[in-house]
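Engineer: Got a structure for you, questions after.
The values are calculated or read from the model by the stated rules, or taken from the named source; none is laboratory data. What you see is a predicted model, and the numbers here were worked out from it, not measured in a lab. Here the Cβ positions follow ideal geometry from the backbone for every residue, glycine too, while neighbour counts run over all protein chains shown.
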Amino acid sequence: MRMTKSTSLTVFILFFLVMSCGSKGQTPGKMVDAEELKRLIQGDVVLIDVRTPGEYERGRITGAKLINYRDVDFAEQLSRLDKDKPVAVYCAAGGRSTGAMKIMEQLGFETVYNYTGGFSDWQKRGEAIEK
């Protein structure tokens, strides 16, 4: 089969897109479990809850600051944080916090941790919360 210039260009573009998604397209930052998060919050990490205000009011990990992932100015709110400080994010089960990590990487945050179990795992483990 002979490839035309337009076919070659299409193949090149598809190859470039696939390759460019290789490292940055994967989940950025570091995934952590409850034990690692407990260690992190004893230190200098900024803890961000990216759930909705209603979820946050029903209970949150002690010391967490709310930045609602669904807010239209979510990225702008994140950009006001110190990008040089380590940040840990969580949501209910890990989906929104993974999206938040990607945005934080694009904004230039140095160190981001994602609590993959989320608040539901934290509660199930019987860890301390505040309301």
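Engineer: Residues Gly95, Gly117: which one is at pLDDT below 95 and closer than 21 Å to Glu35 by Cβ?
Structural biologist: The unique qualifying residue is Gly117.
Residues checked against (1) modelled with pLDDT of 95 or more; (2) touching a Gly at 6+ places or on another chain (Cβ under 7 Å):
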residue	(1), (2)
Val11	no, no
Ser23	no, no
Ala34	yes, yes
Asn68	yes, no
Val72	yes, no
Leu78	yes, no
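Engineer: Take the conditions at negative phi, touching a residue at least 12 places away in the same chain (Cβ under 8 Å), basic (Lys, Arg) and not in a loop (DSSP other than H, G, I, E, B) and apply them to Arg96. Does it pass?
Structural biologist: yes
Engineer: Within region 60-74, which residues are surrounded by 14 or more Cβ atoms within 10 Å (Cβ to Cβ) and more than 19 Å from Val32 (Cα to Cα)?
Structural biologist: Those that are surrounded by 14 or more Cβ atoms within 10 Å (Cβ to Cβ) and more than 19 Å from Val32 (Cα to Cα): Leu66, Ile67, Asn68, Tyr69, Asp71, Phe74.
Engineer: Within region 121-131, work out how many residues are touching a residue at least 24 places away in the same chain (Cβ under 8 Å) and closer than 11 Å to Ala34 by Cβ.
Structural biologist: 5
Engineer: Also: May I ask you to verify whether Tyr69 is farther than 16 Å from Glu130 by Cα, of a type in the set (Ser, Thr, Tyr) and assigned to a loop (DSSP other than H, G, I, E, B)?
Structural biologist: When the stated conditions are applied, Tyr69 passes them.
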